[in-house]
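Quick notes on the structure that follows.
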Amino acid sequence: MSTEGIITGLARRLVADNLLDPEIAAAACNNAERANTPLIRHLVQNNLLGSLVIANAVAQEFGLPLLNINTCDPTNFPMALVDARLLRKHNVVPLFKRGNRLFLGMSDPSDANAINEIKFHTGFSLELVVVEDDKLHETIEAILISKHDEKNKFTEFDGLVLADFEIEHREETANSEPTEEAQDEAPIVGYVNKLLLDAIKIGASDIHIEPYEKTYRVRNRVDGILREIARPPLSIANRICSRVKIMAQIDISERRLPQDGRINLKISRNKAIDFRVNTLPTLWGEKIVLRILDSSSAQLGIDMLGYEPPQKQLYMKALNLQQGLILITGPTGSGKTVSLYAGLNILNTKEKNISTAEDPIEINLEGVNQVAVNTKIGLNFASALRAFMRQDPDVLMVGEIRDLETAEIAIKAAQTGHLVLSTLHTNSAPETLTRLQNMGIPSYNVATSISLIIAQRLARRLCKHCKKSLKLPSRILLQEGFTASQLQNMQLFGAIGCDKCNEGYKGRVGLYEVLPITDRISRAIMDNGTSIQIADIAREDGYNNLRASALEKVAMGLTSLAEANRIT
């Protein structure tokens, strides 16, 4: 089939005007449809065509006026006429009203669904005005953030019970006497508390508080994606920073060096949330990142983490061994800690002596001897491991293997009757083996000590309330990596977005590559085989890699193909 046959609408106009190559236009149409993204947004975000060039073509195609929205004052827009939810959903903004006519700025006048829905909700006849897509998107976000800030003044908290917050003070910190600007003013205290509580409610994993030359913003990471949620006045930046540092029991007078702290926030009689706090001096002030550590996540059973049945069996088999090294790999934020703790919970019985070395201790576990690594006083992973070996251990957990010394001690422990769990930063399970060899571990030690490697990622889970069925040609699905047997009974779903989710996704699901060290793989390691050769052996033996695991989750309807492509 020719490429021209699948180019329609605006793409056909762009090709006719020699603004876009036909093959690029066809691919863009296909990719935008697969990702459930408007074509204009796809073109702009992927730098295939400038937003102004597209806007000019759109204005000529539909015979509509073109407006530079940056010349307008958004405070004069009649925002009350259109529900805020519709602004983001359809990327539109009401510009002004004249009689029974509402002038609506949008980047894609061909979006009949948007026009009809706004007509229905407002009751006005619409006059369309073309606006550049990226400028329109920035304007809408700025307006909604401004409305959010106005709604959340320091003295208004929408009925939330903030007074019940209780902060556990572990120990006093030197030089932590409040300065004049760091006094616990009630509005600042309430505002910071509300930022923390709101992040907990929406299931955020991190809070970023960031100063810039002319702005100050707060972003939350939800389901792995950062989203801006507030822009406090720049004038109170230092007071917010000082309040967080006081809560974290760190030195508020030190602004030149990074610092680490911890907040234990009791939000009810039976519920407490820990925050790991890190400050970083930047050009315009201290940036603060708070990692939200919910101890309930450590109690998740292995069945809740998304392992496929064969993968779960391999993990359980390795945990039942009396000795060996289990490595969990992946980038920061991929869920390695939760997988480790899930394994430790299974092993945590009265018959076992378990010791862990962590930096920092993210979740407290009853019955486990947890040691916080402190390199300033010489307590690193290697020295902690040496001490553990004199403590009659059964199970050891090392937060991360960062250097040759730690790797050597962990392997020696695994070879002398101990079960060792740890993490390593690599992209896949086969690469972990070659990484250890590159660190200086002899091949025979790698082959004989490691029992299991788990590489993992976290993919956003489709919202069960709004996900929609998709149909793609079998040829495309086979190119993506699906097998012919999967296509027979598979139903694809895509993200839509509703008031119960975040852009069509709610929560996350684990993607795993679980690789046991079989005899074939051991021989390949001893022969100094590359990660590619080891990956080929694993595939021949029927072990899914991360891509295959992601496509399996897509086939099950748990995530979208677009999300699988983003992660793998």
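The values are calculated or read from the model by the stated rules, or taken from the named source; none is laboratory data. Treat the numbers as computed from the prediction; the structure is a model and nothing was measured. Heads up, the Cβs are rebuilt from the backbone with ideal geometry, glycines too, and the neighbour counts pull from every protein chain shown. Side chains are part of the model used for accessible areas, which takes the heavy atoms of the whole protein and leaves out ligands, DNA and RNA. Shrake-Rupley method; radii C 1.70, N 1.55, O 1.52, S 1.80 Å.
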**Prompt:** Mind listing the phi-derived Karplus ³J(HN,Hα) values for region 276-282, rounded to whole Hz, using 6.51, -1.76 and 1.60 with θ = phi - 60°, and x for any glycine or proline?
**Reply:** 8, 10, 9, 10, 9, x, 10
**Prompt:** What residue among Pro38, Ala26, Val53 has its Cα farthest toward the positive end of the dipole of region 1-95, where the charges are +1 on Lys, Arg and -1 on Asp, Glu, each on the Cβ?
**Reply:** Pro38
**Message:** So, R0 is 30 Å and r is the distance between the beta-carbons of Leu66 and His465; what FRET efficiency does that work out to, to 0.05?
**Reply:** 0.20
**Item:** Rg/Rh ratio calculated on Cα atoms of region 197-353 (Kirkwood radius)
**Value:** 1.06
**Request:** Rounded to whole Hz and in sequence order, give me ³J(HN,Hα) for region 370-380 from the Karplus expression 6.51 cos²θ - 1.76 cosθ + 1.60, θ = phi - 60°, writing x for Gly and Pro.
**Result:** 9, 10, 8, 5, 9, 5, 5, 10, x, 8, 9
**Asked** How much area per residue is accessible in the chain when the probe is 1.4 Å and only protein heavy atoms are counted (Å²)?
**Response** 49
**Item:** Coordinate range along principal axes, alpha carbons of region 373-521, Å, largest first
**Value:** 59, 41, 26
**Item:** Heavy-atom accessible area order for Tyr212, Tyr543, Tyr307, Tyr341, largest first, 1.4 Å probe
**Value:** Tyr212, Tyr543, Tyr307, Tyr341
**Prompt:** Name the trypsin sites (Lys or Arg not before Pro) in region 452-490 that are in a loop by DSSP and that have at most 16 other C-beta atoms within 10 Å, would you?
**Reply:** Lys464, Lys471
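Taking the Cα centre of region 227-362 as the origin, how large is its charge dipole in debye, to the nearest 20, when only Lys and Arg (+1) and Asp and Glu (-1) carry charge on their Cβ atoms?
Its charge dipole is roughly 440 debye.
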**Request:** Could you tell me which of Ala112, Tyr216, Leu305 has its Cα farthest along the dipole of the chain towards the positive end, charges placed at Cβ (Lys, Arg +1; Asp, Glu -1), taken about the Cα centre?
**Result:** Ala112
**Prompt:** What angle do you read, to the nearest 10 degrees and between 0 and 90, between the alpha-carbon axis of helix 546-555 and the longest principal axis of the chain?
**Reply:** 50
**Asked** In whole angstrom, how far apart do the alpha carbon centroids of region 113-137 and region 365-401 sit?
**Response** 60
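Express as a percent, rounded to the nearest 5, the fraction of DSSP beta bridges in the chain (both residues included) that run antiparallel.
Antiparallel bridges: around 65 percent, rounded to the nearest 5.
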**Complete:** Between the Cα axis of helix 309-319 and the main Cα principal axis of the chain, the angle (0 to 90°, nearest 10) is 30
**Prompt:** Taking the alpha-carbon centroid of each part, what is the distance from region 440-475 to region 485-514 in angstrom?
**Reply:** 14
**Request:** Could you work out how far the C-alpha centroid of region 316-349 sits from that of region 207-286, in angstrom?
**Result:** 31
**Item:** Gyration tensor (alpha-carbon) shape descriptor, region 337-391, a/c threshold 1.5
**Value:** oblate
**Prompt:** What list of ³J(HN,Hα) couplings, whole Hz, do you get for region 65-70 from phi and the Karplus terms 6.51, -1.76, 1.60, once you set θ to phi - 60° and write x for glycine and proline?
**Reply:** x, 10, 10, 8, 5, 5
**Asked** Roughly how many debye, to the nearest 20, is the charge dipole of the chain about its Cα centre, given +1 on each Lys and Arg Cβ, -1 on each Asp and Glu Cβ, and no other charges?
**Response** 1040
